[in-house]
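Notes follow once the structure below has been shown.
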Amino acid sequence: MILRRATFTAAASLACAALVLSVAPPTTASTAAAPVKLGDVQKAMEDLVKTGHVVGAIGEVYVDGKRVGKGSAGSRLLDGKGGAIPSTARYRIGSQTKTMTATAVLQLVQEGKLSLDDKLSEVLPKVAEKDLVERTDEITVRNLIQLTSGIPDYIGPDTSDPTRNYRPTDLLAASRKNARPVEVGTFNYSNTNYILLGMIIEKLSGRSLAAELNRRLFAPLGMRHTYLPTKATEGIKGPHGHGYAPDETGTMRDADKINATTMLGAGGVISTAREMSVFQRAFRQDKLLPASLTKVITDPPPGQPSPPAGGPCSGNPEFAAGGGGSAPGFTAATLTSSDGRLQFAVSLTLAMDNAERGTVPSRITNALKSLFCPAK
């Protein structure tokens, strides 16, 4: 299983996009937002399926927390089987989980239980003592959040057993066998950073990562259908779309049962379009963190360019650098405006190899243009 983050930044794999909705936001005492047009969400999902090797597509659009558009196309299973996927269905959010994990860590910083400049060797001394990560006396909490630690990824043969319950230390041990790709302070995408952040959350809170994410984020925001699986074979609850990936012979196999213990705080959360919109609205409106700490997550890491401004609709309105997630069998993304008022959440279940999966971001961008860009 290859877990990738697809973020709407210059450093990631989904294109930056701006959304314009055909909804007039509520009038305030000082300003009145002009109405804008929203395309047909159902047609956009149907068009995504028609691009090929997309088994199912669901999407929902929200304005100020109210759903104003939804769509579902394709089927739950391959070859048109299993019926339609409800737009309200749960799905894997992939590396969108990282924003949640980072938010919980930064809440600990806000509470004075942790510092961004704390060294990994100080926060997790046993990791240093067991030599599970090299240069722990140089790597800071900030490095982990911003993916500038230089720690190698753990994904590979040593973490590929679909039924084994891997411990975080097992993932670190797998990572330790790989060569360091970059120096400390240089951006390099590695899921191992967020396994370590999950371990920090557990140590400082005295609770499991799943329980702490629920306590800090899901329960306060009313995200009753969102959860972090903790067992290898624990999957998506309720009717949902299944994704597929080729085996060594090229035959498409059901990839729905991803080993949850290889994802954890790096990409394991399961949610819905509505609840991802709830989270992003709260996050962007600084209801979860003060703006100074939110920027630790949203600002480009050192050495990385800022995301392109405007997006496909030329910044009307301006959409923030958001996030997505991808692994064999699925891609999911949530786009939100900079002020947190507008969200578009989409989940695609796929039947394609990794090379073709690289084309999915441009397909999503085309769908966004059909939905949200003003007519010329």
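Each reported figure results from applying straightforward, stated rules to the coordinates on display, with no laboratory input. Everything numeric in this text was worked out from a predicted model, so none of it was measured. Here the Cβ positions follow ideal geometry from the backbone for every residue, glycine too, while neighbour counts run over all protein chains shown.
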Subject >> Over segment 38-120 - Rg/Rh using Cα atoms and the Kirkwood inverse-distance radius >> reply: 1.20
Subject >> Under-5 Å amide H pairs with Tyr227, H placed in peptide plane, nonlocal only >> reply: Ile270
**OP:** Relative to the longest principal axis of the C-alpha atoms of the chain, give the angle of the C-alpha long axis of helix 273-284, reported between 0 and 90° and rounded to the nearest 10°.
**Re:** 70
**OP:** Note the angle between two axes, namely the Cα long axis of helix 41-50 and the longest principal axis of the Cα atoms of the chain, as a number of degrees from 0 to 90, rounded to the nearest 10.
**Re:** 70
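On full extension of the chain, what length is gained from Ser362 through Glu138, given 0.36 nm per residue of separation minus the C-alpha to C-alpha distance?
Here the answer is 76.8 nm.
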Subject >> Helix-only mean residue ellipticity at 222 nm for the chain, each DSSP H run of n ≥ 4 adding -39500 (n - 2.57), per residue, nearest 500 >> reply: -7500 deg cm²/dmol
Subject >> For segment 246-278 versus segment 145-222, the gap between their alpha-carbon centres in whole angstrom >> reply: 16
Original post:
Which ³J(HN,Hα) values, rounded to whole Hz and listed in residue order, are derived for segment 351-357 from phi using the Karplus coefficients 6.51, -1.76 and 1.60 in 6.51 cos²θ - 1.76 cosθ + 1.60 with θ = phi - 60°, glycine and proline given as x?
Top reply: 9, 7, 7, 5, 5, 5, 4
Subject >> Residues with amide H under 5 Å from that of Ser115, placed H, sequence gap 5 or more >> reply: none
Original post:
Structure shown: which of Lys43/Lys237; Lys177/Lys257; Lys81/Lys231; Lys66/Lys119 lie over 32 Å apart, alpha-carbon to alpha-carbon?
Top reply: Lys66/Lys119
Subject >> Karplus-derived 3J(HN,Hα), 6.51/-1.76/1.60, for each residue of segment 106-114, Hz, glycine and proline x >> reply: 5, 5, 5, 5, 4, 7, x, 8, 7
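Report, please, the projected area of segment 167-231 averaged over directions, based on the convex hull of its C-alpha atoms, in nm².
That works out to 5.8 nm².
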Original post:
Sorted by average packing, counted as other Cβ atoms within 10 angstrom per residue and highest first, what order do 331-337, 74-80 take?
Top reply: 331-337, 74-80
Original post:
Any idea how far apart Asp79 and Asp299 come out in nm if each label point goes 7 Å out from Cα toward Cβ?
Top reply: 5.4
Subject >> Acute angle (nearest 10 degrees) that the helix 360-372 long axis makes with the longest principal axis of the chain, alpha-carbon atoms >> reply: 40
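What percent does the relative contact order of segment 203-360 come to when contacts are Cα pairs within less than 8 Å and at least six residues apart?
This gives 23 percent for segment 203-360.
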Subject >> Cα-based Rg of segment 190-340 normalised by 2.2 N^0.38 Å, two decimals >> reply: 1.15
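Averaging sequence separations of C-alpha pairs under 8 Å and six or more residues apart, then dividing by the length of segment 105-243, give the relative contact order as a whole percent.
22
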Subject >> Highest-MSF residue in the chain out of Ser362, Ser347, Ser149 [GNM, Cα springs under 10 Å] >> reply: Ser362
Original post:
Relative contact order for the chain: what is it in percent, counting Cα pairs under 8 Å that are at least 6 residues apart?
Top reply: 29
Original post:
What value does the chain have for Rg/Rh, both radii from Cα atoms and Rh as Kirkwood defines it?
Top reply: 0.96
Original post:
What is the P(r) of segment 69-189, as percent of Cα-Cα pairs per 10 Å bin from 0?
Top reply: 11, 30, 29, 16, 12, 1
